[in-house]
1. Are there any pairs with C-beta distances below 6 angstrom linking a residue in segment 1-19 that is more than 12 Å from Ala45 (Cα to Cα) and among the charged types (D, E, K, R) to a residue that is open to solvent by 20 Å² or more (accessible area, probe 1.4 Å) and part of a helix (DSSP H, G or I), with the two at least 6 apart or on different chains, and if so which?
2. Looking at segment 59-74 only, could you name the residues that are open to solvent by 70 Å² or more (accessible area, probe 1.4 Å) and either within 18 Å of Lys12 (Cα to Cα) or of a type outside the set (A, V, I, L, M, F, W, C) (or both)?
3. With Asp3, Asp20, Asp77 as the choices, which residue is open to solvent by less than 40 Å² (accessible area, probe 1.4 Å), in a loop (DSSP other than H, G, I, E, B) and among the charged types (D, E, K, R)?
4. Only residues that are within 14 Å of the chain's Cα centre (by Cα) and part of a loop (DSSP other than H, G, I, E, B): list them for segment 80-100, please.
5. If you take the residues in segment 40-58 that are open to solvent by less than 30 Å² (accessible area, probe 1.4 Å) and assigned to a helix (DSSP H, G or I), which one is modelled with the lowest pLDDT?
6. Would you please name the residue that is modelled with the lowest pLDDT, looking only at residues in segment 80-100 that are closer than 15 Å to Gln17 by Cβ and open to solvent by 90 Å² or more (accessible area, probe 1.4 Å)?
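The values are calculated or read from the model by the stated rules, or taken from the named source; none is laboratory data. Just so we're clear, the structure is a prediction, and the values are computed from it rather than from any experiment. We place every Cβ from the backbone using ideal geometry, glycine too, and count neighbours over all the protein chains shown. Heads up: the accessible areas ignore ligands, DNA and RNA and are worked out on the full protein's heavy atoms, side chains in. Shrake-Rupley method; radii C 1.70, N 1.55, O 1.52, S 1.80 Å.
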Amino acid sequence: KKDDPQLIAALKEYHEQLMDSNEEISRHLAHDHGIHLSASSVKRARSYNGFVGGATNLKNKSQQEAEQLVLEQLDLDPAGHAGPRTIRHRIASHTSQHLP
(Lines give C-alpha, C1' and ligand atoms only; values in the text may rest on other atoms or scores of the structure.)
Protein backbone atom coordinates (compact mmCIF):
# COMPACT_ATOMS: atom_id res chain seq x y z
CA LYS A 1 0.00 0.00 0.00
CA LYS A 2 2.90 2.40 0.60
CA ASP A 3 3.64 2.20 -3.16
CA ASP A 4 0.09 3.26 -4.09
CA PRO A 5 0.30 6.27 -6.47
CA GLN A 6 -2.80 7.87 -4.93
CA LEU A 7 -1.29 7.59 -1.44
CA ILE A 8 2.05 8.99 -2.62
CA ALA A 9 0.34 11.94 -4.33
CA ALA A 10 -1.69 12.68 -1.19
CA LEU A 11 1.39 12.43 1.05
CA LYS A 12 3.28 14.79 -1.28
CA GLU A 13 0.38 17.27 -1.15
CA TYR A 14 0.30 17.18 2.67
CA HIS A 15 4.08 17.38 2.85
CA GLU A 16 4.07 20.54 0.72
CA GLN A 17 1.47 22.01 3.11
CA LEU A 18 3.93 21.37 5.98
CA MET A 19 1.57 18.86 7.59
CA ASP A 20 3.79 16.81 9.92
CA SER A 21 1.37 15.13 12.32
CA ASN A 22 0.80 11.48 11.38
CA GLU A 23 -2.54 11.51 13.19
CA GLU A 24 -3.66 14.59 11.25
CA ILE A 25 -2.49 13.09 7.95
CA SER A 26 -4.35 9.87 8.77
CA ARG A 27 -7.58 11.83 9.32
CA HIS A 28 -7.11 13.84 6.11
CA LEU A 29 -6.36 10.72 4.07
CA ALA A 30 -9.59 9.13 5.26
CA HIS A 31 -11.68 12.26 4.74
CA ASP A 32 -10.18 13.57 1.49
CA HIS A 33 -9.14 10.39 -0.31
CA GLY A 34 -10.94 7.48 1.36
CA ILE A 35 -7.59 5.95 2.33
CA HIS A 36 -7.74 4.45 5.82
CA LEU A 37 -4.33 4.13 7.46
CA SER A 38 -3.36 4.24 11.11
CA ALA A 39 -0.96 6.94 12.26
CA SER A 40 1.86 4.38 12.51
CA SER A 41 1.20 3.20 8.94
CA VAL A 42 1.23 6.81 7.79
CA LYS A 43 4.59 7.26 9.51
CA ARG A 44 6.03 4.22 7.74
CA ALA A 45 4.62 5.32 4.36
CA ARG A 46 6.02 8.85 4.79
CA SER A 47 9.43 7.51 5.74
CA TYR A 48 9.44 4.96 2.89
CA ASN A 49 8.60 7.67 0.34
CA GLY A 50 11.04 10.24 1.76
CA PHE A 51 8.51 12.68 3.21
CA VAL A 52 10.26 13.52 6.48
CA GLY A 53 9.87 16.48 8.82
CA GLY A 54 12.18 19.40 9.46
CA ALA A 55 14.18 17.94 12.34
CA THR A 56 15.01 14.79 10.36
CA ASN A 57 15.84 16.90 7.31
CA LEU A 58 18.26 19.03 9.31
CA LYS A 59 20.00 15.93 10.67
CA ASN A 60 20.67 14.84 7.09
CA LYS A 61 21.76 18.32 5.88
CA SER A 62 24.65 20.52 6.70
CA GLN A 63 23.99 23.97 8.11
CA GLN A 64 25.32 25.40 4.85
CA GLU A 65 22.79 23.43 2.76
CA ALA A 66 19.90 24.64 4.92
CA GLU A 67 21.14 28.23 4.70
CA GLN A 68 21.43 27.92 0.92
CA LEU A 69 17.77 26.90 0.65
CA VAL A 70 16.80 30.00 2.64
CA LEU A 71 19.08 32.28 0.62
CA GLU A 72 17.65 30.99 -2.66
CA GLN A 73 14.15 31.88 -1.50
CA LEU A 74 15.28 35.29 -0.27
CA ASP A 75 16.76 35.97 -3.73
CA LEU A 76 13.30 35.37 -5.21
CA ASP A 77 11.90 38.12 -2.96
CA PRO A 78 14.00 41.22 -3.73
CA ALA A 79 11.51 43.56 -2.04
CA GLY A 80 11.95 41.65 1.22
CA HIS A 81 8.23 41.23 1.91
CA ALA A 82 8.34 37.52 2.75
CA GLY A 83 8.67 36.67 6.42
CA PRO A 84 10.19 33.54 7.97
CA ARG A 85 6.97 31.56 7.79
CA THR A 86 6.44 32.39 4.12
CA ILE A 87 10.04 31.48 3.32
CA ARG A 88 9.60 28.16 5.14
CA HIS A 89 6.41 27.40 3.18
CA ARG A 90 8.05 28.32 -0.13
CA ILE A 91 10.97 26.01 0.57
CA ALA A 92 8.56 23.17 1.34
CA SER A 93 6.48 23.90 -1.75
CA HIS A 94 9.36 24.29 -4.20
CA THR A 95 11.76 21.64 -2.91
CA SER A 96 9.54 19.31 -0.82
CA GLN A 97 12.01 19.77 2.03
CA HIS A 98 11.02 20.91 5.49
CA LEU A 99 13.07 23.15 7.69
CA PRO A 100 12.14 23.71 11.33
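1. That search, which allows pairs on different chains as well, returns Glu16/Ser93.
2. Scanning segment 59-74 gives Lys59, Asn60, Gln63, Gln64, Glu65, Glu67, Gln68, Glu72.
3. Asp77
4. Ser96, Gln97, His98, Leu99, Pro100
5. That would be Asn57.
6. His94
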